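Student: Quick one: the structure is below, and I'll ask about it shortly.
The values are calculated or read from the model by the stated rules, or taken from the named source; none is laboratory data. The model shown is predicted, which means the values in this text are computed figures rather than measured ones. Every residue, glycine as well, gets a Cβ built from its backbone with ideal geometry; the counts of neighbours run over all protein chains shown.
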Amino acid sequence: MTVASTATPKQRNHFDLFEVPRKLWIEMSALEKKFLELSWKLHPDKFVNASPEEQELSLKRSSELNDAYRVLRDPVGRVEYLLELEGMRKEGEHKQQAPPELLEEVFELNESLDELREAKASRGDLASLKLRLEFAEKNFQEKLVEVDAQLQEAARQWDAAIDANASDADRKRIMVRLNELLNRRSYIRNLVTNVAKELS
Amino acid sequence: MARTVGIDLGTTNSLVAYVDPQTGTPKCIPGPSGSTLCPSVVSLDPDGSIIVGEPARRRLLTQPERTIYSVKRLMGRGVADIQDELKLFPFRIDPSSKNVIRVRLGDKFFTPPEISAFILRELRNWAEAYFGENVDRAVITVPAYFNDAQRQATKDAGKLAGLEVLRLVNEPTAAALAYGLHEKQRGHVGVHDLGGGTFDISVLKLISTSEGDIYQVLSTNGDTHLGGDDIDNLLQAFVHEKILQEHRVDFSPHSELAQELRQALIAIKHQLSENESATLRFPLPNGAVYVQEFERAAFEALIRPIVDRTMGPVRQALADAKLKPSEIDEIVLVGGATRTPLVRRTVQEYFDRKPHTELNPDEVVALGAAVQANILDRGVSNMLLLDVTPLSLGIETYGGAVAKVIPRNSTIPASAQEMYTTGVDNQTGIDIHVLQGERELAKDCRSLARFTLKVPPAPAGLSRIEVKFLIDANGILQVAAKDTRTGEQRTIEVQPSYGISDTEIERMLEESIEYAEQDFAERQAIEARTEAETILAATQKGLGTPQAASLPSEERAAIDAAVAALKESISGSDYKLIRKRIDELNNATMRLAELVMNSAVSTALQGRKLAEV
């Protein structure tokens, strides 16, 4: 067995590598099975006595396999990757603008955070501020759950569009929606992380 | 044919193991003393030769200035990193050390990989003497939580010892491999590995597939500075303080007396694993004897903070594997420090199940390394290890923040591509800083490498350079860059922030010739000659005893002939011939040895009542 026998001439995308359609719902046990099957074939441990070229190729191909598995296993990472693949999103893009409908709440939150930092520095009264922030944190946690549900719904729409062989315009509309939700999610998550950090 | 072995390069002890081709089971190789443990201690003799293992450990007491232990704590670390260690360990660091630390033994300086190489070389000698064959390839284990620099330093040590390092395997993973063979378990396995200087926790999934068994590491966590050494330090500080108070005797924590106290306390620690109490009697220079009774409960109260420190990494590893303690089917204890009853109890309570301790916790990592060495050596096997990188890999971005490109617990090999471009016209270089760690700011993470990407002069933003970061199956970083505009490929000479450069390694390899192994055959001949001299001396002594007179003349003639033949062979360098003649002399003196032995026994029994015997 050589790496070459399982290699393909062009770099394949993660969906192709796992031989799954470009859909957002993926059967995890089937994905794992495929991962293990390919690991047997590609892992560098199988090529310790092979030529340097084959060792190099095994390293490249097995790292691609592991990278692909890591992305596809993660429900959010999977959406990001799909959008990058479809040219709807740049790699590593995380828009940090506050979604307009959240502006007021974010503004209030940031104010409370500033107050907390000041109070910490001047050893002022923390208890009431903390209570306010905990309440805000809970509020944004709920929003995170909400956006996750919306993301799931949009993902279902995407899969349905693929199944129905929908028009490019329809697909594009769903992707725009997915991208919006991803940005919103990333923004809220950062907020929650920041608040949690200040509270701890 | 050259052999491949597995080596556990430990903080306190190191071991070498192999898989017996007949039985297929892994086995640790004993050294000259018969023990499989080689204390990880190195001493520089005044005559310039290097002494390793038990003889070196004894010199900790007599020549502490020329002797070093626990050097693993220094591997891959910079001078700034080790200030805390210096308070606790008698490392004598070259004050002019810059990035790479140099340690003084007597009048010479060595880097930590060079010292580790002496240990590896010793183990290699053990294995070669055992097989009577050359050993040139090895799998070496490292703590799972070792970072890139620490791994690189270990690989360098292997190279300096003349070994091709087939793979660095994480210690808990190796232990799981040894246990998997032993127990035939399936499901989720936790490996709790508390060694002399490091703590690791790994969570694995054991999967049976049609092609064989897969050991998939789901997550790992740990502390590369937490282990049995810390218990010793704590005990030492405690007793030191009491001696100061009660006897007004003060001594430097790095003195010979301190070393003696440490050894005595290690013995107490071991006793407390078996017994409920132990008594320290320590003679002081002023003639007084310090006596301290240790109860296990008090000992446990003293060391509880250390044991508790293992639980943070345990919780994190489970969270990363998305498992609850109750979802761990088996928990395995590894490392000498897990003999401590408090450690066992703490683990048992947290996971609510009895941990596995069937395999010798000192040997299990080496046994697993041997299994992996065997798998790799053959290339094809019905077993596969899928390990992870313990720490996230990141790149410094604006404002000193870190962008993570490969998250921790990613299966390795793993890679990430990043695209870079220029910010101003005719910019000729882009600075890249690679880091490892979980913190958000570059200054809080471990700096792995800094380098400058050269770009041809062009208007800003025109150049596009794709940089590929790849963590290989050893957990070591490789970097390659491609100019996507010109298609030019470049491998980047990554100057490790705290490592030794390749040119330095080459220089050390050349310099190490004075300590370098002689040719394999020559080394074997030296060992065979030493053995021959021992047996010749013993024969001489035997022939001088009264019992020798009772030997029949033909037996006496046979012994004389065998002695002459052996003497003749040791003037040459054919070690096989020397071994053969040793065997022949052994056979010829069998009866003489028996006579001498019986007489010795009866002499020893003389004057004692039969009932006492």
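Student: Identify the residue in region A:47-72 that is in a loop (DSSP other than H, G, I, E, B) and at the interface with chain B (Cβ under 7 Å from one of its Cβ atoms) and, among all such residues, is farthest from B:Asp472 (Cα to Cα).
Tutor: First, pick out the residues of region A:47-72 that are in a loop (DSSP other than H, G, I, E, B): A:48-51.
Restricting the remaining residues to those that are at the interface with chain B (Cβ under 7 Å from one of its Cβ atoms) gives A:48-49.
Numbers: A:Val48: 13, A:Asn49: 17 Å.
Out of the qualifying residues, it is A:Asn49.
Student: Output the residues belonging to region B:376-403 that are among the β-branched types (Val, Ile, Thr), crowded, with 20+ Cβ neighbours inside 10 Å and either more than 22 Å from B:Ser202 (Cβ to Cβ) or facing chain A (nearest Cβ under 9 Å) (or both). Can you show your working first?
Tutor: If we filter region B:376-403 for residues that are among the β-branched types (Val, Ile, Thr), which is where we start, we get B:380, B:388-389, B:395, B:397, B:402.
Among the residues that remain, those that are also crowded, with 20+ Cβ neighbours inside 10 Å are: B:388-389, B:402.
Correct list: B:Val402 only.
Student: Got a number for residues in region A:23-46 being assigned to a helix (DSSP H, G or I), facing chain B (nearest Cβ under 7 Å) and closer than 15 Å to B:Ala473 by Cβ?
Tutor: Taking region A:23-46 first, the residues assigned to a helix (DSSP H, G or I) are A:28-42, A:44-46.
Filter once more, keeping what is facing chain B (nearest Cβ under 7 Å): A:36, A:39-40, A:44-46.
When the remaining residues are screened for being closer than 15 Å to B:Ala473 by Cβ, the result is A:39-40, A:44-46.
So the answer is 5.
Student: A follow-up question, please. Name the residues in region A:46-60 that are under 19 Å from B:Asn409 (Cα atoms) and either small (Gly, Ala, Ser) or touching a helix residue (DSSP H, G or I) at 6+ places or on another chain (Cβ under 7 Å) (or both), would you?
Tutor: From region A:46-60, those under 19 Å from B:Asn409 (Cα atoms) are A:59-60; that's our starting set.
Answer for region A:46-60, where residues must be under 19 Å from B:Asn409 (Cα atoms) and either small (Gly, Ala, Ser) or touching a helix residue (DSSP H, G or I) at 6+ places or on another chain (Cβ under 7 Å) (or both): just A:Leu59.
Student: Please work out if B:Gln316 is surrounded by fewer than 19 Cβ atoms within 10 Å (Cβ to Cβ), part of a helix (DSSP H, G or I) and in contact (Cβ under 8 Å) with a residue 60 or more places away in the chain. Let's see the steps before the verdict.
Tutor: Details: surrounded by fewer than 19 Cβ atoms within 10 Å (Cβ to Cβ): yes; part of a helix (DSSP H, G or I): yes; in contact (Cβ under 8 Å) with a residue 60 or more places away in the chain: yes.
Criteria met by B:Gln316.
Student: Let me spell it out: the conditions are (1) part of a helix (DSSP H, G or I); (2) modelled with pLDDT under 90; (3) of a type in the set (Ser, Thr, Tyr), and B:Ser208 meets all of them except one. Which number is the exception?
Tutor: The number of the failed condition is (1).
Student: With the condition kept exactly as written, say whether any residue in region B:103-113 is in a helix (DSSP H, G or I) and either at pLDDT 90 or above or closer than 30 Å to B:Glu256 by Cβ (or both).
Tutor: Yes, there is a match, as at least one residue in region B:103-113 is in a helix (DSSP H, G or I) and either at pLDDT 90 or above or closer than 30 Å to B:Glu256 by Cβ (or both).
Student: Kindly evaluate B:Ala373 against the criterion of being outside any strand (DSSP E or B), within 14 Å of chain A (Cβ to nearest Cβ) and in contact with a strand residue (DSSP E or B) (Cβ under 7 Å, 6 or more places away or on another chain). Don't jump to the end; show me each part of the working.
Tutor: On the way: outside any strand (DSSP E or B): yes; within 14 Å of chain A (Cβ to nearest Cβ): yes; in contact with a strand residue (DSSP E or B) (Cβ under 7 Å, 6 or more places away or on another chain): yes.
The answer is yes for B:Ala373.
Student: I've got another one for you. Tally time: how many residues in region B:24-71 are small (Gly, Ala, Ser) and under 17 Å from the mean Cα position of the chain (by Cα)? So that I can check it myself, show each step before the final result.
Tutor: If we filter region B:24-71 for residues that are small (Gly, Ala, Ser), which is where we start, we get B:24, B:31, B:33-35, B:40, B:43, B:48-49, B:53, B:56, B:70.
Still in the list and also under 17 Å from the mean Cα position of the chain (by Cα): B:31, B:35, B:40, B:43, B:53, B:56, B:70.
Selection size over region B:24-71: 7.
Student: Being modelled with pLDDT of 95 or more and either among the polar types (S, T, N, Q) or farther than 13 Å from B:Thr4 by Cα (or both) is the filter here, so list the residues in region B:127-144 that pass it.
Tutor: Within region B:127-144, B:Thr141, B:Val142 qualify.
Student: Being at pLDDT below 90 and not in a helix (DSSP H, G or I) is true for just one of B:Gly222, B:Gly197. Which residue is that?
Tutor: Values: B:Gly222 fails: at pLDDT below 90.
Answer to the check: B:Gly197.
Student: Just name the residue that is farthest from the other protein chains (Cβ to nearest Cβ) out of those in region B:442-487 that are free of Cβ contacts under 8 Å to residues at least 40 places away in the same chain and assigned to a strand (DSSP E or B).
Tutor: Across region B:442-487, the extreme among qualifying residues is B:Lys454.
Student: Now a separate question. Listed residues B:Arg408, B:Arg439; which is surrounded by fewer than 15 Cβ atoms within 10 Å (Cβ to Cβ), within 14 Å of chain A (Cβ to nearest Cβ) and within 31 Å of the chain's Cα centre (by Cα)? Please lay out each step first, then the result.
Tutor: Details: B:Arg408 fails: surrounded by fewer than 15 Cβ atoms within 10 Å (Cβ to Cβ).
Selected residue: B:Arg439, the only one of B:Arg408, B:Arg439 that is surrounded by fewer than 15 Cβ atoms within 10 Å (Cβ to Cβ), within 14 Å of chain A (Cβ to nearest Cβ) and within 31 Å of the chain's Cα centre (by Cα).
Student: I'm checking my understanding of the structure. Among residues of region B:411-436 that are more than 12 Å from chain A (Cβ to nearest Cβ) and under 20 Å from B:Thr220 (Cβ atoms), which one is surrounded by the most Cβ atoms within 10 Å (Cβ to Cβ)?
Tutor: Going through the qualifying residues, I end up with B:Leu435.
Student: Oh, and also: Do we find a residue being within 30 Å of B:Lys324 (Cβ to Cβ), crowded, with 24+ Cβ neighbours inside 10 Å and touching a residue at least 24 places away in the same chain (Cβ under 8 Å) anywhere in region B:118-138? Steps first, answer last, please.
Tutor: In the first step, residues of region B:118-138 are kept if they are within 30 Å of B:Lys324 (Cβ to Cβ); the result is none.
Scanning region B:118-138, I find no residue that is within 30 Å of B:Lys324 (Cβ to Cβ), crowded, with 24+ Cβ neighbours inside 10 Å and touching a residue at least 24 places away in the same chain (Cβ under 8 Å), so the answer is no.
Student: Hey, another quick one. Would region A:186-198 turn up any residue that is more than 26 Å from A:Gly77 (Cα to Cα), surrounded by 11 or more Cβ atoms within 10 Å (Cβ to Cβ) and not hydroxyl-bearing (Ser, Thr, Tyr)?
Tutor: Going residue by residue through region A:186-198, those that are more than 26 Å from A:Gly77 (Cα to Cα) are A:198.
Adding the requirement that they be surrounded by 11 or more Cβ atoms within 10 Å (Cβ to Cβ) leaves A:198.
Subset that is not hydroxyl-bearing (Ser, Thr, Tyr): A:198.
Checked region A:186-198: at least one residue is more than 26 Å from A:Gly77 (Cα to Cα), surrounded by 11 or more Cβ atoms within 10 Å (Cβ to Cβ) and not hydroxyl-bearing (Ser, Thr, Tyr).
Student: Something else now. Among the polar types (S, T, N, Q) and not in a loop (DSSP other than H, G, I, E, B) - does that describe any residue in region B:11-29?
Tutor: Filtering region B:11-29 for residues among the polar types (S, T, N, Q) gives B:11-14, B:22-23, B:25.
Keeping just the survivors that are not in a loop (DSSP other than H, G, I, E, B) gives B:13-14.
Yes, there is a match, as at least one residue in region B:11-29 is among the polar types (S, T, N, Q) and not in a loop (DSSP other than H, G, I, E, B).
Student: Evaluate region A:66-73: report whether one residue or more is loosely packed, with under 15 Cβ neighbours inside 10 Å and modelled with pLDDT of 90 or more.
Tutor: Our first condition is that a residue be loosely packed, with under 15 Cβ neighbours inside 10 Å; within region A:66-73, this holds for A:73.
Those still in the list that are modelled with pLDDT of 90 or more too: A:73.
Within region A:66-73, one or more residues are loosely packed, with under 15 Cβ neighbours inside 10 Å and modelled with pLDDT of 90 or more.
Student: Taking the stated definitions as given, is A:Leu102 in contact with a Leu (Cβ under 8 Å, 6 or more places away or on another chain) and of a type outside the set (Lys, Arg)?
Tutor: Considered against the rule, which asks whether it is in contact with a Leu (Cβ under 8 Å, 6 or more places away or on another chain) and of a type outside the set (Lys, Arg), A:Leu102 comes out as no.
Student: Take region B:54-75 and flag every residue that is over 24 Å from B:Arg151 (Cβ atoms), at pLDDT 90 or above and outside any helix (DSSP H, G or I).
Tutor: Selection gives B:Thr67 alone.
Student: Another question, if that's okay. For region B:284-296, check the following and say yes or no: at least one residue is at pLDDT 90 or above and out of contact with any strand residue (DSSP E or B) (no Cβ under 9 Å at 6 or more places or on another chain).
Tutor: Looking for residues that are at pLDDT 90 or above and out of contact with any strand residue (DSSP E or B) (no Cβ under 9 Å at 6 or more places or on another chain), one finds none in region B:284-296, hence no.
Student: Can you give me the number of residues within region B:195-235 that are touching a strand residue (DSSP E or B) at 6+ places or on another chain (Cβ under 9 Å), away from chain A (no Cβ under 14 Å) and over 19 Å from B:Pro313 (Cα atoms)?
Tutor: Qualifying residue count, region B:195-235: 1.
Student: Shifting gears a bit: Within the group A:Ile174, A:Ile188, which residue is assigned to a helix (DSSP H, G or I), β-branched (Val, Ile, Thr) and more than 15 Å from A:Glu86 (Cβ to Cβ)? Steps first, please.
Tutor: Values: A:Ile174 fails: more than 15 Å from A:Glu86 (Cβ to Cβ).
Only one candidate qualifies: A:Ile188.
Student: Filter region B:229-271 down to the residues that are of a type in the set (S, T, N, Q), touching a helix residue (DSSP H, G or I) at 6+ places or on another chain (Cβ under 7 Å) and without any contact (Cβ under 8 Å) to a residue 60 or more places away in the chain, then identify the one that is surrounded by the fewest Cβ atoms within 10 Å (Cβ to Cβ).
Tutor: Filtering region B:229-271 for residues that are of a type in the set (S, T, N, Q), touching a helix residue (DSSP H, G or I) at 6+ places or on another chain (Cβ under 7 Å) and without any contact (Cβ under 8 Å) to a residue 60 or more places away in the chain, the one surrounded by the fewest Cβ atoms within 10 Å (Cβ to Cβ) comes out as B:Ser252.
Student: Looking at A:Val106, A:Val76, can you tell me which residue is over 26 Å from B:Gly394 (Cα atoms), β-branched (Val, Ile, Thr) and either without any contact (Cβ under 8 Å) to a residue 24 or more places away in the chain or in a helix (DSSP H, G or I) (or both)? Even if it seems obvious, please write down each step before you answer.
Tutor: Numbers: A:Val76 fails: over 26 Å from B:Gly394 (Cα atoms).
Of the residues listed, the single one that is over 26 Å from B:Gly394 (Cα atoms), β-branched (Val, Ile, Thr) and either without any contact (Cβ under 8 Å) to a residue 24 or more places away in the chain or in a helix (DSSP H, G or I) (or both) is A:Val106.
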